[in-house]
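Everything below concerns the one structure shown next.
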Amino acid sequence: MQHPLSVNEYLRQHMRTVPDWPAPGVQFRDITPLLQDPKVFRVLIDAFVHRYMDKDLRPDVVAGLDARGFIIGAVIAYELNVGFVPIRKKGKLPFTTVEETYELEYGSATVELHADAVKPGDRVLLIDDLIATGGTMMAGKNLLERLGATVTEGAVIVDLPELGGSKRLRDAGLSIFNLVDFEGH
C-alpha cells in the first residue's frame, strides 16, 4: 500500500527548480507550478488557511510582500474573511506611505506601506513566497510595527535555511511558518 504524501512533500513535488537563475550557481525555487494546477493551488492555500483559522493564530489583517506574497496573501485573507494590505516596492503606492530600506546581496531595496494600512493593536500575518536572507520580510515586519501593529507570524511557502534568513527573523522575535524547505542554493 502506498503511503499518502504529506502536504509538504506534495507541494515540493510540484515546484520547479531553475538552475543558474537569476545568476550562475543559484538554484531558483519556482512556485508558479503550484498556482497553475487548481488542485495543487487549493492544497497550498488550504494549508495556510487551516492553520490561521485557529483562534490563537487568526490575524486581523494579512499583509503580503511584493509581489508573490500578493498572490497567496490575498487569497488567504479572503478565505479568512480579513483584510489584505500590500507592502510594495518603493514608488508604487499612491497615498501617504511609510518606507523601510534594507540590504540586498548587492545594494539595497526599499518597500512601502500606506500609512493607514493597519491600526495600532492589529494582529498581522505577514506573507511571502520564500525566505532567503530574510531582508524583505524583516523590512515588512519593521513597517507594520512602526504603525503599531503586532506581526504574529511570518508565513512562506519555501524557506531556504542555508541562507540564514529564517534564523535571522526568529532571532528578531518573529515566529516563522513554512511549508517546504530546501537545503542548498
Item to complete: May I ask you to verify whether Glu99 is open to solvent by 40 Å² or more (accessible area, probe 1.4 Å), closer than 20 Å to Leu11 by Cβ and of a type in the set (Asp, Glu)?
Response: no
Worksheet item: Residues in the range 130-140: is at least one more than 15 Å from the chain's Cα centre (by Cα) and surrounded by fewer than 21 Cβ atoms within 10 Å (Cβ to Cβ)?
Response: no
Practice prompt. Just one of (1) open to solvent by 20 Å² or more (accessible area, probe 1.4 Å); (2) more than 27 Å from His14 (Cβ to Cβ); (3) of a type outside the set (Phe, Trp, Tyr) trips up Leu143, so point out which.
Written response: (1)
Discussion item. So in the range 51-67, with the set limited to residues that are touching a residue at least 40 places away in the same chain (Cβ under 8 Å) and part of a loop (DSSP other than H, G, I, E, B), which one is nearest to Thr136 (Cα to Cα)?
Written reply: Asp66
Worksheet entry | Selection count, the range 29-56, where residues are loosely packed, with under 11 Cβ neighbours inside 10 Å and either among the aliphatic types (A, V, I, L, M) or more than 17 Å from Val158 (Cβ to Cβ) (or both) | 5
Worksheet entry | The lone exception for Val75 - which of (1) over 19 Å from Phe48 (Cα atoms); (2) modelled with pLDDT of 95 or more it fails | (1)
Practice prompt. Could you tell me which of the residues Leu179, Leu160, Leu147, Leu126 is in contact (Cβ under 8 Å) with a residue 24 or more places away in the chain, more than 10 Å from the chain's Cα centre (by Cα) and farther than 22 Å from Pro33 by Cβ?
Written response: Leu147
Worksheet item: What residue, among those in the range 81-103 that are charged (D, E, K, R) and in a loop (DSSP other than H, G, I, E, B), is farthest from Leu169 (Cα to Cα)?
Response: Lys92
Discussion item. Just checking, does the range 15-28 include any residue being open to solvent by 50 Å² or more (accessible area, probe 1.4 Å) and under 15 Å from the mean Cα position of the chain (by Cα)?
Written reply: no
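The values are calculated or read from the model by the stated rules, or taken from the named source; none is laboratory data. Computed from a prediction, not measured in an experiment: that's the story for all the values here. Using ideal geometry, Cβ is built from the backbone for each residue, glycine included, and neighbour counts are taken over all protein chains shown. Only protein heavy atoms, including side chains, enter the accessible area calculation; ligands, DNA and RNA are left aside. Shrake-Rupley method; radii C 1.70, N 1.55, O 1.52, S 1.80 Å.
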